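Report on one structure; see the data block that follows.
Only the coordinates and a few stated rules stand behind these numbers; no lab work does. Just so it is clear, the model here is predicted, and its values are computed rather than measured. Quick reminder, even Gly has a Cβ in these numbers, built from the backbone with ideal geometry, and neighbours come from all protein chains shown.
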Amino acid sequence: QLQFVESGGGSVQPGGSLRLSCAVSGGTFSMYAMAWFRQAPGKERERVATITWRTDSTYYTDSVKGRFTISRDKGKNTVYLQMNSLKPEDTAVYYCATRLTIYGSYDFWGQGTQVTVSS
């Protein structure tokens, strides 16, 4: 029964910035990784960025490299996604997800937050 508190979504003009946050709670637990996914209407859900909890190792899909930065605050069980130089094609619902073990799947998801990039 993990719970997610997501914030930071909204509307922005091309070239603008947004910072998403996702705090996870649900008793005593450990995490292997947290990730941000996004899904636009009519498109498959896409993994945008991943961060491992212990080693702070990161992954980014090619389309956001150099523009997005994922980070985490271990004390707050919170993951962030700093999004700079936003493009219209970044428009989507963004979801945070948690993977509890190295061999597990992203089985725990937030409800999503809308990001809209338009003129």
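Taking θ as phi - 60°, what are the ³J(HN,Hα) couplings along the range 48-64 by the Karplus curve (6.51, -1.76, 1.60), each to the nearest whole Hz, with x for Gly and Pro?
8, 7, 9, 9, 7, 6, 7, 9, 6, 7, 10, 9, 9, 5, 4, 5, 10
Compute the signed sum of charges (Lys and Arg +1, Asp and Glu -1) over the other residues within less than 10 Å, Cβ to Cβ, of residue 34.
So the environment of residue 34 carries a net charge of +2.
Which one, 113, 75, 98, projects farthest toward the positive side of the charge dipole computed for the range 17-119 from Cβ point charges (K/R +1, D/E -1)?
Farthest towards the positive end: 75.
About the Cα centre of the chain, how large is the charge dipole given +1 on each Lys and Arg Cβ and -1 on each Asp and Glu Cβ? Please answer in debye to the nearest 20.
Approximately 180 debye in magnitude.
Using all alpha carbons of the chain, what is the percent of pairwise distances in each 5 Å bin, ordered from the shortest bin to the longest?
Answer for the chain: a P(r) of 2, 12, 24, 25, 19, 10, 5, 2, 0 percent.
Based on Cα positions only, what radius of gyration and what Dmax would you give for the range 2-48, in angstroms?
Over the range 2-48's Cα set, Rg and Dmax evaluate to 13.7, 41 Å.
Which order do peptides 55-61, 45-51 fall in by mean Cβ count within 10 Å, highest first?
45-51, 55-61
Want the number for residue 114 to residue 82: 0.36 nm per residue separation, take away the alpha-carbon distance, what's left?
10.1 nm
What translational diffusion coefficient, in µm²/s and rounded to a whole number, does the Stokes-Einstein relation yield for the range 70-119 at 25 °C and a viscosity of 0.890 mPa s, taking the hydrodynamic radius as the Kirkwood radius over Cα pairs?
The estimated diffusion coefficient comes to 191 µm²/s.
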